[in-house]
């Protein structure tokens with residue numbers, strides 16, 4: 001199994017905890033450390049382009065982690081929504097699970113709470129990636145079994 005993590009450098013005190021939470025969860029579930037590639041981009045807005053580039057390398061999943069905090073304007077909500085929508089499009093377009101470990105928060109305290117020990121959005125995104133990989137594998141198995149069980153359609157002469 002190969003996993004790509006794309007992570008935002010902006011608010012790195014938070015995003016490094018998210019990336020590490022994802023990495024630890026993957027390793028706890030049997031993913032070898034060298035099968036996990038991590039790429040850092042400047043900010044959350046760059047996550048989708050990194051995710052699509054990573055997806056073209058054909059990993060089993062891509063995990064996106066980032067942190068968008070409220071500034072003086074409500075722009076942070078628009079950025080969070082744009083990133084979420086674009087990451088969903090990458091997943092559908094490439095047929096590779098892309099999970100969302102991006103925190104959109106009003107305060108640094110809220111972000112820290114979502115990147116902490118028991119609640120770590122990076123870990124949650126990694127677990128979602130592993131679960132989705134399992135579901136997709138089951139779908140492929142069922143599809144293959146049902147296609148093998150169907151009689152071939154040959155023209156009768």
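The values are calculated or read from the model by the stated rules, or taken from the named source; none is laboratory data. Note that the coordinates shown come from a computational prediction; the quantities given were computed from them, not determined experimentally. Backbone-built Cβ (ideal geometry, glycine too); neighbour counts: all protein chains shown.
When restricted to residues that are assigned to a helix (DSSP H, G or I), free of Cβ contacts under 8 Å to residues at least 40 places away in the same chain and over 26 Å from residue 108 (Cβ atoms), region 10-31 contains 2.
Restricting the search to region 115-140, which residues are within 19 Å of residue 80 (Cα to Cα) and either surrounded by fewer than 12 Cβ atoms within 10 Å (Cβ to Cβ) or at pLDDT below 95 (or both)? Result: no residue meets the conditions.
On the basis of being touching a helix residue (DSSP H, G or I) at 6+ places or on another chain (Cβ under 8 Å) and surrounded by fewer than 23 Cβ atoms within 10 Å (Cβ to Cβ), does residue 89 make the cut?
Numbers: touching a helix residue (DSSP H, G or I) at 6+ places or on another chain (Cβ under 8 Å): yes; surrounded by fewer than 23 Cβ atoms within 10 Å (Cβ to Cβ): yes.
Criteria met by residue 89.
Right, residue 7: modelled with pLDDT of 95 or more, within 16 Å of residue 124 (Cβ to Cβ) and in a helix (DSSP H, G or I) or not?
Values: modelled with pLDDT of 95 or more: yes; within 16 Å of residue 124 (Cβ to Cβ): yes; in a helix (DSSP H, G or I): no.
In short, no.
Just to be sure, is residue 66 crowded, with 18+ Cβ neighbours inside 10 Å, modelled with pLDDT under 95 and closer than 20 Å to residue 105 by Cα? So residue 66 fails the test.
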